[in-house]
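The numbers here are math on the coordinates, done by the rules we state, and not lab data. Not measured: the values here are computed from a predicted model. Heads up, the Cβs are rebuilt from the backbone with ideal geometry, glycines too, and the neighbour counts pull from every protein chain shown.
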Amino acid sequence: MKTSPSHAHVITGSLLLLAGSGLMGACGEGVARLSVAKQADTTLAPLPTRVQNGEGGAAAPATPDTAPDAVAPSDGGTGTKPSPDLSAFENLTNSAIFQHRGYTFDSSSALICGDAGTGILPLAKVRNTIASYLEESPEALSLAVKVLTFHTNPKTLQRIEKFRKDCARNESPNRCLLSKYWANSLGLEGEEASLRVLALFLDKGIRVQRSNADDFAAFNVDQIRAIEKTVRKLPRTLIRKMGRGQPSLGVDKFVVNGHTPLTIYADSENDGQLGQTLKDKNALAFSPKELDKARSGKMYKDVGYLFRADFRLQMLLHEIGHLADSYAGESPFTSTAEVAALLDASTQALWPSHWWDAFEGSNGIKGGRNSRTRGDKFAEIFAQYVLQPHALAASAPEAYAWMSANVFVTADGSPVEYEGYENCDPAVSRPLNVGEKALAPTLNSKN
Ligand SMILES: [Zn+2]
């Protein structure tokens, strides 16, 4: 399987994918071992843009092993260079920041039933969150901006240096810098995006970044709002555990006082597949273009449903589920015999997005479910626990019980339970009518 010695991390990606090709028993071991190794876990099915790469048949999940190439140089600042001097964080992280009081946890279905415009935290609340932290710890601003704009690519560093110069005389150079960092090509959106990203970091220790690659790909504000909503579905105990995760994985990980911020970064070189998980860096990479394929309002003829809800949350939670798999450190849950057996015996619920219907027959996609690897099954069940717990509890009661006992647990040991899509009225998707089906594009285009 070592097809290309120059792509060490690519090999692990392709192994993971091959592991889903029906050799579940033998490859399960491989997956477990590889999860510990430094790797880019290519996770979601590749999407039609692979066609542009001249890889027409590449829409099947067996092939995104070419994509992780992009990961090393565009790792959102979690790369091989040393972290910036963040020693001043020491006193802050223990008391004054990461207090989870602005982006409050929401187990109800309020954030998930509506479309992308639903459940957005008002900007005034975002500003208040920032103000409350900076009132207590003014020094947190420059530290946070340092973390949020930390990159290693020389071209990116040049851009940031220019922003810094442009902002030198601003009354708040740090806020100005972050705003320019997030501004799109028209100079718009930077202000709101920077506020939301700053608040998310101060409150949750979660770092959202632009790409470290030359194109400096960015999420737009609408996508950052979707990330916020996703984060609000995660209990603080889980976020904290994930921040402390992977202590023995990767010596070059980005550390803020013992806390490895969950990093979510834009990566257009990820086009052709929706998301990637870099377990040893506690990082997720999403192609902004691919992510929006799951946005509310979309319809695809090979899916057959209109997305009323914002199914980007489903995608984001799937990738976060890969990280949750290994937050305990060197031993991912899926590497244990107990969880492997549990997963093998479990049948996932069907997603109301019917996302996987478009990939039916591809490697490991069967009956509308993604069972490509045990890791993928784990990630799907993780996401379903949050988004459609009743359906999951009905289809995989033991997996549901395991998640509630081992992953979704509050500090006092009680399970976290959710209201899911089942509570939404109207339903989060509806079948396309004949006319819509005729006009709708294809999600999994193979030509
Ligand atoms: Zn996956």
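Across the stretch 338-447, the mean sequence separation of Cα contacts (distance under 8 Å, 6 or more residues apart), normalised by length, yields a relative contact order of 24 percent. Amide H contacts under 5 Å for Val208: Ile264, restricted to partners 5 or more places along the chain or on a different chain, H placed in the peptide plane at 1.01 Å from N.
Pairs from the table (Lys301/Lys366; Lys204/Lys366; Lys229/Lys281; Lys301/Lys377; Lys366/Lys437; Lys165/Lys289) lying more than 28 angstrom apart at Cα are Lys204/Lys366; Lys165/Lys289.
With an 8 Å Cα cut-off and a minimum separation of 6 or more residues, compute the relative contact order for the stretch 87-439 in percent.
Details: 606 pairs, mean separation 61.2, N = 353.
Relative contact order comes out at 17 percent.
Note on the stretch 294-447: the alpha carbon radius of gyration divided by the globular reference 2.2 N^0.38 Å gives 1.08. Across the alpha-carbon set of the stretch 355-414, the Rg to Rh ratio works out to 1.05, Rh being the Kirkwood radius.
Here the stretch 129-188 and the stretch 195-215 have alpha carbon centers that stand 11 Å from each other. Normalised by 2.2 N^0.38 Å, with N the number of residues, the alpha-carbon radius of gyration of the stretch 87-439 equals 0.98. Among the trypsin sites (Lys or Arg not before Pro) within the stretch 147-246, those in coil by DSSP and having at most 11 neighbouring Cβ atoms inside 10 Å are Arg169. Protection proxy ranking of 111-120, 425-434, by the mean of other Cβ atoms within 10 Å over each peptide's residues and highest first, is 111-120, 425-434.
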